[in-house]
Structures are given as structure tokens and as C-alpha cells.
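Here is the structure we will look at.
The values are calculated or read from the model by the stated rules, or taken from the named source; none is laboratory data. As the structure is a prediction and not an experimental result, all values here were calculated from the model. In this analysis, Cβ positions are derived from the backbone assuming ideal geometry, glycine residues included, and neighbour counts consider all displayed protein chains. Just so you know, the surface numbers come from the protein's heavy atoms only, side chains and all, with ligands and any DNA or RNA stripped out. Shrake-Rupley method; radii C 1.70, N 1.55, O 1.52, S 1.80 Å.
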Amino acid sequence: MREPHEGTFLTDLMEFGPAPTMGRELVVIVLNVAVVAVLFAIVGPTTVVWIAIAVIGVAMGVRFLIGLRGWNRAAAQR
């Protein structure tokens, strides 16, 4: 059963902060990469698309690093 602070994968995708667990965050990263790949295939390689891909990549990396700190603390408290 889900805890009240845990959302769904859709809320994990839309939040600015990391998902509650590392596994869910990895799924979010994979889904984001898939969506970006589809949009890249539709729009094509323009400068704006490359900038957007870079911004999304940095945001996902920062989000993962922030989550990594929290997940390590949660594991240490167990």
C-alpha cells in the first residue's frame, strides 16, 4: 500500500523534486528520455531543440542528485 507522501508515476513526472525512491526516479528518467526522443524525431535537430535537451538533461541530473542524498538518509535511518 502506498504511503500518503508517495504519488503516482504521473505526479513523479510532473514534480520538480525527486521521486520517493531511486527506482521510481530511474523510471521517470527513462520516460523523460523516451518523450524527448520522440519529440526530437518529430521536430528535428534545431538549435532550440538541442538547448531544450540540455536543460532537461541538467534538470534530471540535479533532480537525481538531490534524491540521492534523501534516499541515502532514508536507508541510513532503517
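Of the conditions (1) surrounded by 14 or more Cβ atoms within 10 Å (Cβ to Cβ); (2) under 15 Å from the mean Cα position of the chain (by Cα), Gly17 satisfies every one except a single condition; which number is it?
Evaluating Gly17 over (1) surrounded by 14 or more Cβ atoms within 10 Å (Cβ to Cβ); (2) under 15 Å from the mean Cα position of the chain (by Cα) leaves (1) as the failure.
Just checking, does the stretch 51-67 include any residue being of a type in the set (Lys, Arg) and either surrounded by 13 or more Cβ atoms within 10 Å (Cβ to Cβ) or in contact (Cβ under 8 Å) with a residue 24 or more places away in the chain (or both)?
yes
Does Val48 count as modelled with pLDDT of 95 or more and open to solvent by 80 Å² or more (accessible area, probe 1.4 Å)?
no
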